[in-house]
1. Just give me the residues in region A:73-100 being open to solvent by 60 Å² or more (accessible area, probe 1.4 Å), modelled with pLDDT of 75 or more and not in a loop (DSSP other than H, G, I, E, B), in sequence order.
2. Restricting to region A:170-216, and then to whatever is β-branched (V, I, T), modelled with pLDDT of 80 or more and more than 20 Å from A:R85 (Cβ to Cβ), can you tell me which residue is surrounded by the most Cβ atoms within 10 Å (Cβ to Cβ)?
3. Do the conditions hold for A:F77, that is, is it in contact (Cβ under 8 Å) with a residue 40 or more places away in the chain and more than 18 Å from the chain's Cα centre (by Cα)?
4. Mind listing just one residue for me: the one in region A:51-69 that is open to solvent by 30 Å² or more (accessible area, probe 1.4 Å) and in a helix (DSSP H, G or I) and, of those, farthest from A:I24 (Cα to Cα)?
5. Out of region B:210-231, which residues are over 15 Å from B:S196 (Cα atoms), in contact with a Cys (Cβ under 8 Å, 6 or more places away or on another chain) and not in a strand (DSSP E or B)?
6. In region B:232-262, how many residues are more than 7 Å from chain A (Cβ to nearest Cβ), in contact (Cβ under 8 Å) with a residue 40 or more places away in the chain and assigned to a loop (DSSP other than H, G, I, E, B)?
7. Could you please tell me which pairs satisfy a Cβ distance under 6 Å, a separation of 6+ or placement on different chains, a first residue in region A:254-280 that is more than 7 Å from chain B (Cβ to nearest Cβ) and surrounded by 15 or more Cβ atoms within 10 Å (Cβ to Cβ), and a second residue that is at pLDDT 70 or above and part of a strand (DSSP E or B)?
8. Looking at (1) surrounded by 10 or more Cβ atoms within 10 Å (Cβ to Cβ); (2) modelled with pLDDT under 80; (3) out of contact with any Lys or Arg (no Cβ under 8 Å at 6 or more places or on another chain); (4) assigned to a helix (DSSP H, G or I), find the lone condition where B:R65 falls short.
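The values are calculated or read from the model by the stated rules, or taken from the named source; none is laboratory data. Because the structure is a prediction, the values reported are computed rather than measured. Every residue, glycine as well, gets a Cβ built from its backbone with ideal geometry; the counts of neighbours run over all protein chains shown. What goes into the accessible areas is simple: the full protein's heavy atoms, side chains included, and nothing from ligands, DNA or RNA. Shrake-Rupley method; radii C 1.70, N 1.55, O 1.52, S 1.80 Å.
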Amino acid sequence: MLYDLNVPWPSNGYSVPATPSQTIGFKNTIVTLYTLGYRQIAINFQLQENVKLPINQPERLNPIPMNTLRDDLCEKFPGLKLYSRVTLIVNDPSKCQGLAKLQGHFDILAVQPTSEKALQLCTINLDIDLISFNFATKLPFFIKHKTVGSAVDKGIKFEICYATVVAGYGADLGINSQMIRKNFFSNVLQLIRGCRSRGIIVSSGATLASQVRNSGDVLTILKTVGLDNSRAKACVTLSPERVLVNGRLRVRSYKQTILEGNDGDLVGSEDVPSKKRLADSSSGRLLKKARKGE
Amino acid sequence: MNRDYAIEKQFLTRSYDSSSEIELLLEDRYSITGGQKPFMVFGKPEKQAPIKLEDNNTIPITKERKYNTRTELKNYFQQTLANQKRLIKKIQAYNRSKSEKPFPVKKMLHHYKIPEFEDFIPLNTLWQKYTQELLFPQKNIPPMSIVLPRLSSADLNGCLLTVLKSKNHNLVGTRGIVVCDTQHSFIICVPRNEDSKEWNENKQEFSPLEMMGGIRVVLKKGSLFGFDVVLPGSEEECIGFTIIGSRFEFRTSDRSGKKFKNHNVDDL
């Protein structure tokens with residue numbers, strides 16, 4: 001199964017909701033991903049570290065209308081599963097207190113550090129699933145194997161978004177497409193060197209449907225930067241799955257020991273109804289029989 | 001004075017086995033012609049051999065000293081598992097002989113002293129009661145953030161577990177009542193024939209293992225276990241839970257006060 005853990009939600013911040021036209025463009029991206037074989041898609045909500053969180057209204061913490069989106073898309077496209085993800089852009093490590101408050105409301109917690117100190121903090125202190133970088137610009141610091149390796153050992157993965165290199169323009173419109181591509185490849189090589197080809201995931205980060213690529217193209221990119229076949233494949237299948245499992249277990253389980261629902265699925269897309277009938281499951285029927293028979 | 005020496009007899013039964021001996025002793029004690037000693041000897045004076053000390057002046061570890069509940073339980077499980085192996089071989093040999101009559105499983109279970117699932121059903125009923133009191137003290141369902149920590153430190157002896165996922169594919173679907181919760185494994189007592197697995201409900205023929213039931217040792221590592229908790233007040237509704245075995249590798253006593261931590265999920 002193919003995973004894409006980064007489809008940006010059109011609005012960044014709590015004040016401006018997404019316009020209908022933006023939402024349609026966003027849905028088109030998801031549908032395109034679906035036709036390319038991606039089944040597990042995470043919707044990314046990007047936050048600056050200084051944005052004030054609406055803590056008093058917990059239902060507003062997650063501005064993505066997951067339920068309506070699931071109703072719209074999942075029925076028409078069988079097998080599609082949607083998750084929510086938040087990416088916090090961290091520059092000053094002391095300011096990111098908000099992450100703990102976001103925990104229960106998003107499936108995946110990601111951080112985009114913009115300084116070396118922030119990266120170090122993410123790997124040591126924060127309870128997160130994913131670290132992503134802005135690959136369009138030159139990274140302001142050197143990626144050390146020590147910090148990255150400790151993060152990979154903890155289970156934190158590193159993300160590569162290919163939309164900027166496909167589109168040729170990124171968050172900063174000042175630089176031209178050639179520079180972006182040059183930066184992208186040098187940054188990716190640095191990351192791969194830093195984490196010794198382990199713990200990398202690849203996602204689209206596509207704001208337009210035309211920026212999405214199928215898995216074959218993704219694998220070709222990864223091979224050009226020096227990953228071998230199996231590792232490149234793990235970047236789109238195995239590693240993202242682990243990110244999802246990690247994130248979902250944070251929401252669903254108590255410290256990865258016991259979780260609600262016993263359908264044998266660690267990820268579980270929608271919130272399962274807590275109550276069920278005894279006669280519905282086989283073990284329930286056995287239990288019922290045992291209780292009657294005594 | 002006519003007495004039947006009720007109190008004395010009661011005392012003496014603890015020291016002497018036969019009642020005739022006691023009566024003889026009492027008669028001798030109180031008769032005019034008897035010894036009329038002002039004391040009575042309780043218990044047979046046994047000659048105890050002095051304990052032989054080992055070279056380094058420590059008391060040697062005898063067989064009696066090694067005797068405790070834990071080792072006894074361990075021995076019992078080992079013996080039962082060995083017996084189960086023997087019975088399976090017997091069933092296989094019987095199947096090879098192509099006899100018309102079905103194998104007398106029930107009789108053989110009794111012969112080999114293999115425990116049956118039905119024996120443990122009362123244990124499961126007790127466990128359900130215990131869990132209901134633990135999780136829903138006010139009869140309503142508290143949010144899952146409160147239920148799950150409680151359940152993670154709960155006792156699981158008597159719980160009806162099902163193996164949902166396992167690295168060992170043969171184990172998937174095995175279910176039974178937990179008899180013993182050890183550090184690295186659950187020892188469960190499994191039902192027989194059509195109850196043995198989820199997909200066996202409509203089957204007609206069963207493997208020797210399924211015919212036998214008995215106990216199974218299921219490793220916690222790399223498996224997911226599911227179980228249901230019946231809601232109080234209703235016999236029909238339940239809540240399902242899943243145990244992540246790889247994160248549950250603690251002794252029961254350690255687990256009750258354990259502070260759990262999130263880890264790398266690469267092994268799940």
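1. Once the filter is applied, which keeps residues that are open to solvent by 60 Å² or more (accessible area, probe 1.4 Å), modelled with pLDDT of 75 or more and not in a loop (DSSP other than H, G, I, E, B), region A:73-100 yields only A:K81.
2. Per the stated criteria, the residue is A:V188.
3. Yes: the conditions hold for A:F77.
4. A:P58
5. B:L231
6. 7
7. A:S269/A:K81
8. Just one mismatch for B:R65, condition (1).
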